[in-house]
Amino acid sequence: MGIDFTALLDHSLSWDELYRLPELLDARFGFPAAALDVHLDLDGAPRPWRWDRDPLYSNVAEELFEKGHLSLSGPGGFSATVFRTGLELTHPARWRSFVFEPHVRDGLREATRVMATILRSTTIIYAPDSSHPTSGGSDLLFDGGSFGDVLRWFAERIGPPASGPQELAGAEVETSETGYLVERVSG
């Protein structure tokens, strides 16, 4: 089983904006990365963003308030988990492709930056998915932690971020699979 790409983003959306997030994403999140098509089994039909709702809850507000997170499915293989203070964006492209294939990395970063603009994010953390130690960061969000908690956790438990993709690509295999990148963006 491979290691997938994950990005963690903070957000400054109001409750109303969170509830309407699929609409906001459909209006502004095009599928920006044709280079990612090789990692997908696309049927050619554009797919809108939509909540993957838990039927135990009567509405989005109740589910987010009670569970602390909601899941979204989107176009081009993208999916997300929305938390009160952050968002985890995932894609079936492999982490190894993000690290070693510039066209894949560029496509994923472009898509993530578009998401960051919509969310008014200030920070993006690019990391391998939950099969590695870096998953503790998203676990904190699932447990109700803040995005600041996530940044501190990465610094304390994983160490400093890589200075760039080249550092990850030039590292030992173990390091490239446990390393992470932090990108500051203007929210």
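Structure values in brief
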{"read-out": "Counted residues, the range 110-128 - those being buried (at least 21 other Cβ atoms within 10 Å of the Cβ) and either free of Cβ contacts under 8 Å to residues at least 12 places away in the same chain or in a helix (DSSP H, G or I) (or both)", "value": "5"}
{"read-out": "Odd one out for Gln166, checked against (1) polar (S, T, N, Q); (2) part of a helix (DSSP H, G or I); (3) buried (at least 18 other Cβ atoms within 10 Å of the Cβ)", "value": "(3)"}
{"read-out": "Some residue of the range 88-102 being among the hydroxyl-bearing types (Ser, Thr, Tyr) and part of a helix (DSSP H, G or I)", "value": "yes"}
{"read-out": "Members of the range 78-109 that are farther than 19 Å from Ala162 by Cα, of a type outside the set (Ser, Thr, Tyr) and under 13 Å from the mean Cα position of the chain (by Cα)", "value": "Phe78, Ala80, Val82, Phe83, Gly86, Leu87, Glu88, Leu89, His91, Pro92, Ala93"}
{"read-out": "Check on Leu64, out of contact with any Pro (no Cβ under 6 Å at 6 or more places or on another chain), of a type in the set (A, V, I, L, M) and not in a strand (DSSP E or B)", "value": "yes"}
{"read-out": "Filtered residues of the range 169-185 (kept if part of a loop (DSSP other than H, G, I, E, B) and modelled with pLDDT of 80 or more)", "value": "Gly179, Tyr180, Val185"}
{"read-out": "Index of the failed condition, Ala80 passing every other in (1) at pLDDT 90 or above; (2) assigned to a helix (DSSP H, G or I)", "value": "(2)"}
{"read-out": "Within the range 132-156, considering residues that are in contact (Cβ under 8 Å) with a residue 24 or more places away in the chain and hydrophobic (A, V, I, L, M, F, W, C), the one nearest to Gly179 (Cα to Cα)", "value": "Phe154"}
{"read-out": "Members of the range 56-84 that are hydrophobic (A, V, I, L, M, F, W, C) and touching a strand residue (DSSP E or B) at 6+ places or on another chain (Cβ under 8 Å)", "value": "Val60, Leu64, Leu70, Leu72, Phe78, Ala80, Val82, Phe83"}
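The values are calculated or read from the model by the stated rules, or taken from the named source; none is laboratory data. Computed from a predicted model, the values in this text were never measured in an experiment. Neighbour counts are summed over all protein chains in view; Cβ atoms, including those assigned to glycine, are modelled from backbone coordinates with ideal geometry.
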